[in-house]
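Reading through the structure tokens given below for one structure.
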Amino acid sequence: MQRPSIALSIAPSDWQRASHGVLWGAGIVITGACLGAVAAGLGCLIGGVWLWRERANAPCGTLDISVMQAGIQGRFRLPHDPVTNEPMPATWVPLRCDYLGPWLIGLRLGSRRLWLWPDSAPVDARRRVRRLFHHPGRG
């Protein structure tokens, strides 16, 4: 029996940004205590640029998941092309789950890595993805 397809509206996650910010802050405190203020300032600058880049490149779009004869396939559609402002076409590529935790789901969509944080997609759609990839009794 073929399962119905799943459509996830993915938005940038505040949980991801908060966890990265806490780790960055802890790293600055430890660096400052061990290596001094200059190293902490340099770490602050590098970490701030990295956090800004991560936020600017956060995935935002629709992930379509379908069970086909070739296995589980997915496509990630961006809302629009930044240049032409038209909907972006997307092709179906293999989708697999690398990490299935209680709060976080790690998906590999072709060569692209997608993390589904608790606030990045609707609860019902995340639950359906979890059921699709969860295989009880298999290690």
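Within the set of pairs 6+ apart or on separate chains, which have a first residue in region 58-79 that is assigned by TED's automatic domain parsing to the domain that holds LEU107, a second that is surrounded by fewer than 16 Cβ atoms within 10 Å (Cβ to Cβ) and β-branched (Val, Ile, Thr), and C-beta atoms under 6 Å apart?
Here the result reads ARG77/THR62, each pair linking region 58-79 to a residue that is surrounded by fewer than 16 Cβ atoms within 10 Å (Cβ to Cβ) and β-branched (Val, Ile, Thr).
Going through PRO59, PRO12 one at a time, which residue ends up being modelled with pLDDT under 85 and outside any strand (DSSP E or B)? Walk me through how you get there before you give the answer.
On the way: PRO12 fails: modelled with pLDDT under 85.
PRO59 is the lone residue from the list that is modelled with pLDDT under 85 and outside any strand (DSSP E or B).
Look through region 36-69, keep the residues that are under 23 Å from LEU116 (Cβ atoms) and of a type in the set (Val, Ile, Thr), and return whichever of them is farthest from the chain's Cα centre (by Cα). Give the steps one after another, and end with the answer.
Restricting attention to region 36-69, the residues satisfying the condition of being under 23 Å from LEU116 (Cβ atoms) are 50-68.
Filter again for of a type in the set (Val, Ile, Thr), leaving 62, 65, 67.
Values: THR62: 12, ILE65: 15, VAL67: 21 Å.
That would be VAL67.
Tell me, yes or no, whether region 39-54 has at least one residue that is assigned to a loop (DSSP other than H, G, I, E, B) and surrounded by fewer than 16 Cβ atoms within 10 Å (Cβ to Cβ). I'd like the intermediate steps shown before the answer.
Kept after step one, since they are assigned to a loop (DSSP other than H, G, I, E, B), are these residues of region 39-54: none.
No, that holds for no residue.
Do we find a residue being in contact (Cβ under 8 Å) with a residue 40 or more places away in the chain and in contact with a helix residue (DSSP H, G or I) (Cβ under 6 Å, 6 or more places away or on another chain) anywhere in region 100-112?
No: zero hits.
Given the options ALA56, ALA18, ALA40, ALA11, name the one that is more than 30 Å from PRO79 (Cβ to Cβ) and of a type in the set (Gly, Ala, Ser).
On the way: ALA56 fails: more than 30 Å from PRO79 (Cβ to Cβ); ALA18 fails: more than 30 Å from PRO79 (Cβ to Cβ); ALA11 fails: more than 30 Å from PRO79 (Cβ to Cβ).
After ruling out the rest, the residue left standing is ALA40.
Provide a single number: the residues in region 70-105 that are closer than 24 Å to ARG127 by Cα, modelled with pLDDT under 85 and over 20 Å from the mean Cα position of the chain (by Cα).
1
The values are calculated or read from the model by the stated rules, or taken from the named source; none is laboratory data. Because the structure is a prediction, the values reported are computed rather than measured. When we count neighbours, we look across all protein chains shown, and the Cβ atoms used for this are built from the backbone with ideal geometry, even at glycine.
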